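Quick note: the coordinates plus some simple rules give every number you see, no bench work behind them. Because the structure is a prediction, the values reported are computed rather than measured. Neighbour counts are summed over all protein chains in view; Cβ atoms, including those assigned to glycine, are modelled from backbone coordinates with ideal geometry.
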Amino acid sequence: MTTNNRLALLAALLLVILAVPAAHAAIAQAATFDEKVDHSASIILGKCVRTEARFDPTGRWIVTYATFAVEQSMKGNAGAEVTIVTPGGSVNGIHQETIGVPVFQSGDEHVVFLRNTRLGPSPLYFDQGTYNVAADEHGQKMIVPMPSNVIHIDTQRAMAVAPADEPRTLDAFKAAVNESMRGTQRRLEMNAMAKVPKTKLQTSIWSTLAANKLLVALALIGIAVAAWQLWRR
């Protein structure tokens, strides 16, 4: 076997190896902790008490409704129970699944960042907004990021990144949420201000052009005449 053939075979094998995990992965934009706090309608700590899968109103997609007994509400005003809807599930032998969507089971305890949808509350950023609850060796509750096979991308740096969250105690997690909430209004205002100049500039340009149609037309005619004279030379 020649060197070129060996290289070709090695390249082919490498592509096969790389393709295996890719077939079971998806890509999602990485969300920061502050983004999750800012964009969530509510944040709850609770235990899943029952689940039910059924078709959505269109009859095309299966969704699962997981009812949680709320132990603590870290943001928002959740009631004693919250029913969370996620895409996927099994109905009459038909199974649908979406990569990156958490699967809740009765008895499991989670912290969930929620957003409101037309079907009901749903996990914000799906698995990025869902955390497992475990106990350490002292019986203290630990909030642990949910394992995921989704590849997270930092769009600012255009690169894949590992989840930034680390396991932390429940008290530390609640403190982080409260600290982030104190900065929510400021961050939203800064984001709004960052969008204003561009909008105003575009509005100003078009309004100026609209108010000076005659001058714009004369300028275009002048440019056309000058170009014609240059072409004649």
query = Where a Cα-Cα gap under 12 Å defines reach, which aspartates and glutamates qualify for residue 47, not counting those fewer than 8 residues away within the same chain?
reply = 71, 81, 108, 109
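Of 159, 146, how do they rank once you tally other Cβ atoms within 10 Å and put the fewest first? Don't skip to the end; give the middle numbers.
On the way: 159 9, 146 20.
With the fewest neighbours first, 159, 146 line up as 159, 146.
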note = In whole Å, largest first, the alpha carbons of the range 113-189 cover along the principal axes 39, 31, 30
message = Between residue 117 and residue 142, what's the calculated FRET efficiency when r is the beta-carbon distance and R0 is 22 Å? Round to 0.05.
response = 0.15
query = Taking amide H positions as placed 1.01 Å from N in the peptide plane, with prolines and chain starts having none, which residues 5 or more places from residue 84, or on another chain, fall under 5 Å of its amide H?
reply = 66, 67, 68
query = Taking amide hydrogens as modeled 1.01 Å from N in the peptide plane, which residues meet the under 5 Å criterion relative to residue 115, leaving out close sequence neighbours?
reply = 41, 122, 124
task = Take 136, 38 and order them by how many other Cβ atoms sit within 10 Å, fewest up front.
result = 136, 38
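Could I get the Rg over Rh figure for the range 25-182? Both from C-alpha atoms, Rh via Kirkwood, rounded to two places. Intermediate values should be presented prior to the final figure.
Details: Rg = 15.7 Å, Rh = 16.3 Å.
On the Cα set of the range 25-182, Rg over Rh gives 0.96.
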